[in-house]
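Peer 1: Please read through the structure below; I'll follow up with questions.
The values are calculated or read from the model by the stated rules, or taken from the named source; none is laboratory data. The model shown is predicted, which means the values in this text are computed figures rather than measured ones. Cβ coordinates were reconstructed from backbone atoms using ideal geometry, including for glycine residues, and neighbour counts include every protein chain displayed.
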Amino acid sequence: MNKLALVTITLIFSAFSTSSFAANVPNKKKVKMAPIIPAVEVAKSTVVAATRNWTGPYVGLNVGYAFNGISVKNGSNFTAMIAGVAGGGQIGYDLQSGSSVVGIVADAEYSDANYTAGDAAVTKFTEPYNASLRVRCGYLINDETLAYITGGYSVNRQVINTTAYSLSDGNQLSGYTIGAGLERFISQNLSTYAEYRYSNYSASDYHFSGTTVTGAYNQSEIRVGLNFRF
């Protein structure tokens, strides 16, 4: 009797424990799993920087400030500084090879540079125009920016006018010009530049009613400009 009761109690306890454990286990059918999204590899976009090509023709405009020295000999030495605004245009062609750029450029300018001496004759010096034909040799600091030197042949019209006596004489002087500058693209076809030039001209004689004076002339100019490149 005792053995039967013990077996019965053991079976009841085992059944109760199994039911409790089953009740605590969540129903697998009710568990919702988050969907697995396969990894997608995003292709990296490749950005290629556009390389600027400096080869080709261009035309442009410029404006600057000229300060010019003249030395006149007519028995005694007389020196003066002629200064004023100058402006004009240029046309040229560049050829690029790697980081080097070489080219040729021609320009012409009108100038209001003048000086009036306070002498008895009221002498006035003017410079109506100047022009040059030059080569440029430069190195690209980057695709957009060119540093260059320039040099060549220059002509300059120089007029000396004795206002008090209404006498004047002018000469077209010739000489060399050298300089340096920096040019940079600001859009697809436009570039801007800043430049310094020094020009030196041979001495020339000026004649005033039997009187001859000799004038030597040099010019410095700082200019800025805009080029349209084809």
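Peer 1: Just the residues that are among the aromatic types (Phe, Trp, Tyr) and modelled with pLDDT of 95 or more, please, taken from the range 120-160.
Peer 2: Those that are among the aromatic types (Phe, Trp, Tyr) and modelled with pLDDT of 95 or more: TYR139, TYR148, TYR153.
Peer 1: Taking the criterion of being assigned to a strand (DSSP E or B), polar (S, T, N, Q) and surrounded by fewer than 19 Cβ atoms within 10 Å (Cβ to Cβ), would at least one residue in the range 217-226 satisfy it? Full working, then the answer.
Peer 2: Residues of the range 217-226 assigned to a strand (DSSP E or B): 217-226.
Those still in the list that are polar (S, T, N, Q) too: 218-220.
In the following step, the residues that additionally are surrounded by fewer than 19 Cβ atoms within 10 Å (Cβ to Cβ) were identified as 218, 220.
Yes: the range 217-226 contains one or more residues that are assigned to a strand (DSSP E or B), polar (S, T, N, Q) and surrounded by fewer than 19 Cβ atoms within 10 Å (Cβ to Cβ).
Peer 1: Right, another one. Can you tell me which residue is modelled with the lowest pLDDT among those in the range 161-199 that are out of contact with any Ser or Thr (no Cβ under 9 Å at 6 or more places or on another chain) and among the small types (Gly, Ala, Ser)?
Peer 2: SER166
Peer 1: If you don't mind, there's one more thing I want to ask. Just one of VAL135, VAL155, VAL224 is under 16 Å from ALA106 (Cα atoms) and out of contact with any Phe, Trp or Tyr (no Cβ under 9 Å at 6 or more places or on another chain); which is it?
Peer 2: VAL135 is the lone residue from the list that is under 16 Å from ALA106 (Cα atoms) and out of contact with any Phe, Trp or Tyr (no Cβ under 9 Å at 6 or more places or on another chain).
Peer 1: Would you mention how many residues in the range 125-159 are touching a residue at least 60 places away in the same chain (Cβ under 8 Å) and either acidic (Asp, Glu) or surrounded by fewer than 21 Cβ atoms within 10 Å (Cβ to Cβ) (or both)?
Peer 2: So the count comes out to 4.
Peer 1: Out of the residues in the range 181-200 that are out of contact with any Asp or Glu (no Cβ under 7 Å at 6 or more places or on another chain) and among the small types (Gly, Ala, Ser), state the one that is nearest to ASN130 (Cα to Cα).
Peer 2: It comes out as SER199.
Peer 1: Would you point out the residue of the range 172-192, among those that are surrounded by 18 or more Cβ atoms within 10 Å (Cβ to Cβ) and free of Cβ contacts under 8 Å to residues at least 60 places away in the same chain, that is farthest from THR55 (Cα to Cα)?
Peer 2: LEU173
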